[in-house]
Amino acid sequence: MAPSHSHGAGPALPALASVDRLIFLRHGRTAFNAEGRVAGQSDIPLDETGRAEAWAAIEPVRALGPDAIAASPMQRARSTAAIIAEGLGMTDVVQLVPGLRERNWGMYEGAPLGDRPPYEETPPGGEPWAAFLDRTAHALAGALRMMGSPRRPLIVAHSGTSLALSKLLGAPMPVEKAQNAVPLVFQRARDGSWRCWIPGS
């Protein structure tokens with residue numbers, strides 16, 4: 001179940017002043033994704049399908065005009081970002097941002113997705129939803145500063161990150177969760193609000 005949308009963007013909001021389009025890309029598939037298991041902060045690599053998905057995402061991402069790239073340092077996101085950056089000729093501009101790591105799901109890491117509690121519940125030994133939102137907001141603000149106030153940054157991270165961005169920006173996603181290596185776009189409207197859309201949909 002996706003969380004509700006009532007949290008402010010906090011430190012991310014001033015940092016977004018230069019941004020008109022925030023491009024989000026979830027990493028390619030991993031073995032845990034294929035098996036329907038909770039990955040969280042378990043550092044699972046891309047599988048062969050996941051690498052192919054990342055290569056296939058290059059042109060859809062290129063069409064969105066990213067001018068900077070930041071990524072979670074977890075290897076599934078880092079590898080996806082490296083493939084995208086290579087395809088775009090932007091290998092020298094990728095910023096790895098520790099705060100963009102996936103949420104820590106505590107005792108549920110490695111468990112079937114169906115066993116995971118709702119996002120707004122705190123898993124035993126894991127990270128509270130409010131703390132994850134706060135971490136993501138600070139990480140986004142820091143990433144944008146490191147990228148030099150880009151207009152169209154690409155953020156390569158995790159399904160939890162996309163839900164956090166959706167809530168922080170008050171922009172419900174058109175899908176329940178981000179799909180592997182399928183871009184999501186958070187677009188600023190003329191009135192300053194944000195909406196989320198999937199290219200080609």
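Please give the FRET efficiency for residue 56 paired with residue 91, using the beta carbon to beta carbon distance and R0 = 25 Å, rounded to the nearest 0.05. Could the numbers behind the result be given before it?
Details: r = 19 Å, r/R0 = 0.74.
The calculated FRET efficiency here is 0.85.
For the residues 174, 14, 128, a GNM of the chain with alpha-carbon springs under 10 Å puts the largest fluctuation on 14. With Cα atoms defining each centre, region 60-101 and region 127-201 are spaced 14 Å apart in the structure. Take the Cβ-Cβ distance between residue 35 and residue 75 as r, set R0 to 22 Å, and report the resulting FRET efficiency rounded to the nearest 0.05. It comes out at approximately 0.80. Dipole of the chain computed with +1 at Lys/Arg Cβ and -1 at Asp/Glu Cβ about the Cα centre; of 32, 104, 143, farthest Cα towards the positive end is 143. The helix-only estimate of mean residue ellipticity at 222 nm for the chain, built from DSSP H runs of length n ≥ 4 each weighted as -39500 (n - 2.57), is -9500 deg cm²/dmol after division by the residue total.
Treating only the Cβ atoms of Lys and Arg (+1) and Asp and Glu (-1) as charged, compute the dipole magnitude of the chain about its Cα centre; round to the nearest 20 debye.
Values: 20 positive and 19 negative charges, 105 e Å.
Approximately 500 debye in magnitude.
If you take all other residues with their beta carbon under 12 Å from the beta carbon of residue 76, and give Lys and Arg +1 and Asp and Glu -1, the sum is +1.
Each 5 Å bin, from zero up to the one with the longest distance, holds this percent of the alpha carbon pairs of region 84-168: 3, 13, 22, 21, 16, 10, 9, 6, 0. Annotation for residue 188 and residue 115: the two label points, set 7 Å from Cα along the Cα-Cβ direction, are 4.4 nm apart. Other residues lying with their Cβ under 15 Å from the Cβ of residue 173 contribute a combined charge of +3, Lys and Arg counting +1, Asp and Glu -1.
Lys and Arg at +1, Asp and Glu at -1: add these up for the other residues within a Cβ distance under 15 Å of residue 138 and post the number. Don't skip to the end; give the middle numbers.
On the way: positive: 101, 103, 135, 145, 167; negative: 127, 134.
Residues near residue 138 contribute +3 overall.
The mean of 1/r over all distinct Cα pairs in the chain, once inverted, gives the Kirkwood hydrodynamic radius of 16.6 Å.
Across region 51-105 the C-alpha pair distances fall into 5 Å bins from zero in the proportions 4, 21, 30, 24, 15, 5, 2 percent.
Rounded to a whole number, what is D in µm²/s for region 143-201 from Stokes-Einstein with the Kirkwood radius over alpha-carbon pairs (10 °C, 1.306 mPa s)? Before the final figure, lay out each step's value.
Numbers: Rh = 12.3 Å.
Value of D from the Cα-based Kirkwood radius: 129 µm²/s.
Share of carbon and sulfur in the accessible area of region 33-152 stands at 50%, probe radius 1.4 Å.
The values are calculated or read from the model by the stated rules, or taken from the named source; none is laboratory data. These numbers come from a predicted model, not from an experiment. Glycine gets a Cβ as well: all are built from the backbone with ideal geometry, and neighbour counts include every protein chain shown. In case anyone asks, the SASA skips ligands and DNA or RNA and just uses the protein heavy atoms, side chains included. Shrake-Rupley method; radii C 1.70, N 1.55, O 1.52, S 1.80 Å.
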